[in-house]
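Asks: Have a look at this one before I ask anything.
Nothing in this text is a laboratory measurement; each read-out follows from the coordinates by a stated rule. All figures in this text were calculated on a predicted structure; none of them were measured in a lab. For neighbour counting, all protein chains shown are included, and Cβ atoms are generated from backbone atoms with ideal geometry for every residue, glycine included.
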Amino acid sequence: MKNIRKIFAILTLLMLVLSCENDGGDSKIDTQYGAVIDIQKSSSSETYINLVALQNGGDINLGFTIDKAVGDIASIDVVGLYIKSDGTTIFKGKFSTAIKTFPYTLNINKQKIYDAFSQLNSSDDFETGDQLTISAELTLKDGTVLKLINDDGSNNFSPNIATSSTYKVFQAYNVSCPSSLGGTYQFTTTNTSAPTGEFAAGPLTGTVVFEDLGGGVYNISDASFGGWAGLYGPGNIAQKVQLKDICNKISYLGTDQYGEVFTFSNLVVNGDKISFHWENDYGEFGNTTLKRTDGSNWPSLTL
């Protein structure tokens, strides 16, 4: 069934490409009449807001570089949206204004955050699960002002820009604790099932890689932990899904290559092993145990 869905995805993509090439150019408005920047985090700076460091009186260093990507940009304002853990409380601030020389590099410490946001004045105002999103407001040479992210946190750019591998129009910094879940782990998965009737009792065994992206975010090499291979045959893996760790509270992040959302439940931590039930909104599910191979135990993870 996964192979059938791959065919549908390819046909859909083909139709979209053909429509873009034959609609008189309207589909290219986002780049023809707009503008795009490229924001990249500095490799020498931190990838998240370290809550432990702030609570202990320390500082943070969030460094990034902004450059032009597409469009006639005259200047930019570097904008920050501070999104509280409830997902609905959003503060807006500016870190720099009227930037005209590119590439432009900025490093943000805690004082610059306090200066940009009147609602944030001490370490007590930061909470796990909060997020600082950095983007920009662009002034074009014809005087047009563009917001890449709206004040309510919604994107003001098209999906092809959001998924571009060429440039990033925003960067996100989670308020979190130090995380070290990166590595290769042995999995055992049982009782996998699909809504189309496939079932694999298992045990299905192999290894999974958590690739550390920084800030408590990890790429998962196979979010089904061998489940899809058991259901649909070798080579079927759930790609593009990530793991998020915020002070030992973990969850799936993002969607797989088919747009499916994954969730964890029934998490049990037992020394060098963790076990859990996973499922997605397509209706696939399974039970997995991960075993560390480095001789250490898992931290006290929760959901």
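Asks: Given an 8 Å cut-off on Cα distances and at least 6 residues of separation, report the relative contact order of the chain as a percent.
Replies: 14 percent
Asks: Label Thr163 and Ser43 with points 7 Å out from Cα along Cα→Cβ: what is the distance between them in nm?
Replies: With each label point 7 Å from Cα toward Cβ, the separation is 2.8 nm.
Asks: Among Asp212, Asp115, Asp130, rank each residue by its count of other Cβ atoms within 10 Å, from fewest to most, as a rough exposure measure.
Replies: Exposure proxy ranking, most exposed first: Asp115, Asp212, Asp130.
Asks: So, one more: To the nearest whole percent, what portion of all C-alpha pairs in the chain is separated by more than 28 angstrom?
Replies: Looking at the chain, the distances longer than 28 Å represent 49 percent of pairs.
Asks: Of the trypsin sites (Lys or Arg not before Pro) in the range 114-215, which ones lie in a loop per DSSP and count no more than 14 other C-beta atoms within 10 Å?
Replies: Passing both the DSSP loop test and the Cβ count: Lys141.
Asks: What lysines could a cross-link reach from Lys168, if we take a straight Cα to Cα line under 22 Å and drop same-chain neighbours fewer than 8 places away?
Replies: Straight-distance partners of Lys168: Lys28, Lys41, Lys68, Lys92, Lys94, Lys100, Lys141, Lys147, Lys240, Lys244.
Asks: Efficiency by 1/(1 + (r/R0)^6): what FRET value for Thr302 and Val261, r their Cβ-Cβ distance, R0 = 22 Å, to the nearest 0.05?
Replies: Once the sixth-power term is evaluated, E becomes 0.65.
Asks: Here is a follow-up. Tell me the volume per residue, in Å³, of the convex hull enclosing the alpha carbons of the range 183-291.
Replies: For the range 183-291, the hull spanned by Cα atoms encloses 94 Å³ per residue.
Asks: Here is a further query. Compute the long axis of helix 2-21 from its Cα atoms, compare it with the longest principal axis of the Cα atoms of the chain, and write down the angle in degrees, 0 to 90, nearest 10.
Replies: 20 degrees
Asks: Could I ask something else about it? Across all directions of projection, what mean area in square nanometres is found for the Cα convex hull of the range 35-176?
Replies: 8.3 nm²
Asks: Let me ask you something else. When the helices in the chain are scored as -39500 (n - 2.57) per DSSP H run of 4 or longer and the sum is shared across all residues, what 222 nm value do you end up with, to the nearest 500 deg cm²/dmol?
Replies: -4000 deg cm²/dmol
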